[in-house]
Amino acid sequence: MRVIGLMSGTSYDAIEAAAADLTLDGDTLLLRPLGHLSVPYPDDLRALIAATLPPAATTVRTVCALDTGIGQAFADAAGRALRELCDGTADLVVSHGQTMYHWVEDGTVRGTLQLGQPAWIAESTGLPVVSDLRSRDVAAGGQGAPLVGMTDTLLLRGLPGTPAALNLGGIANVTVLAPDTEPLAFDTGPANALLDAAVRHFTDGAAAYDEDGRRAAAGRTSPELLQVLLDDPYYRRPAPKSTGKEHFHLPYLQRALETVPTPDTDDVLATLTRLTAVTVADACRAHGVTELVVSGGGARNPELLRVIAEELPGVTLRASDELGLPSDAKEALAFAVLGFLTVHGLPGTLPSGTGARRATLLGTLTPGLAPLRLPEPASRPPHRMRVTAEADLSTPTTAVSAPSAR
């Protein structure tokens, strides 16, 4: 089955689209990447997302406008992926949408809201769309995050020691596979969320992020500010747990800065970089991690990777690219995997990773232009994943023609 995965993370800078041929071979999921692309949000839509995210107040009209605008932007990205990555043929689109609110109270997730109306994608591409992948896990008592834990687990199985996958988006999350225990996945805390917010604030919007971590590298960690930030109770909560920009945002950082002597801007960025590294390292040490497979936008920040390595001496760090999954595309591919599992009648969650009462089928399904025909339910879920080259994929792809995206 040929699947297009769409993802926009908590940094909301672009829509990541990735395509793959996916096949079940016994207990192994074969994944053949077909390429990926990044489609920036239109400036006005990105500005509206930024103005609506917590702690801002909003209106139902704005929520409706965002649901439509994000849906249309995702439809454009899906159309490009269909044309440029799939040569016009695919079976399914899986859309994560844009997370606007992740409702957490006392460690319990009450609800989660991802906007981006899938009807725009289905109408534009003609393909069926799996969307709203987090809500079912929340309804089953789970955190609804991090859903990448399933793909991480399938990818890391077979590696020696205690491997873990680290995704450095707006929020950092890890998936840990310790021997003889169930996989564990959870958000460790902020990655780019506070860093990007600080850069935009201190540059009056002239810069959106600290390119290559240069300003952080030029600064020095403020022990006082770091301690204030580390006193956040979130870090002491047991896993599974999740968080988001509802918690880690600019006013949160400004409140912390009010309690300590004001550091230089570069020192603030150095401290926030150290905060991510320390919280990631604490999580890895707590679970005996011996190898860390890194992906996400933060993987392009050499200063952040340097400080994480400094905090984790003896732990090998390597990019997910070395296992066949491009770092920039891994989350989009992970959601492609989840949609593939859904249409084959297979759960996409690990209760040990989200805290749900049971593993659940994820998402809702929006039909495309043709009558909806689902594959035969799979007899058993995959236990591992193998990323293949084209010549290694023995089972041919079953693809349906779709009209060109608008």
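Below is a table of values for the structure above.
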item: Probe 1.4 Å - accessible area at residue 68, Å² to nearest ten; result: 50
item: The chain: antiparallel DSSP beta bridges as a percent of all, rounded to 5; result: 65
item: Average Cα contact separation per residue, the range 32-182, under 8 Å, 6 or more apart, as relative contact order %; result: 18
item: Label zone at residue 113, where the point sits 7 Å out along the Cα-to-Cβ direction: the range 58-89 residues whose backbone N lies under 18 Å; result: 58-72
item: For the chain, accessible area per residue (1.4 Å probe, heavy atoms of protein chains only), Å²; result: 41
item: For the range 38-74 versus the range 91-158, the gap between their alpha-carbon centres in whole angstrom; result: 18
item: Using alpha-carbon coordinates, inclination of helix 43-52 to the longest axis of the chain, degrees; result: 60
item: Centre separation in Å (Cα based) which lies between the range 276-349 and the range 204-235; result: 21
item: Degrees between helix 60-84 axis and first principal axis of the chain (Cα, 0 to 90, nearest 10); result: 60
item: Nearest 10 degrees, 0 to 90: helix 265-286 Cα axis against the chain principal axis; result: 60
item: Structure-based [θ]222 nm, the chain - -39500 (n - 2.57) summed over DSSP H runs of at least 4, per residue, nearest 500; result: -10000 deg cm²/dmol
item: Under the Karplus curve 6.51 cos²θ - 1.76 cosθ + 1.60, θ = phi - 60°, whole-Hz ³J(HN,Hα) for the range 362-372, x wherever Gly or Pro sits; result: 9, x, 10, 10, 9, x, x, 7, 8, x, 6
item: For residue 325, distant residues with modelled amide H under 5 Å away; result: none
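The values are calculated or read from the model by the stated rules, or taken from the named source; none is laboratory data. Note that the structure is predicted; figures quoted are calculated from it, not measured. With ideal geometry, Cβ positions are generated from the backbone for all residues, glycine too; neighbour counts draw on all protein chains shown. Surface areas here come from the heavy atoms of the whole protein model, side chains and all, with no ligands, DNA or RNA. Shrake-Rupley method; radii C 1.70, N 1.55, O 1.52, S 1.80 Å.
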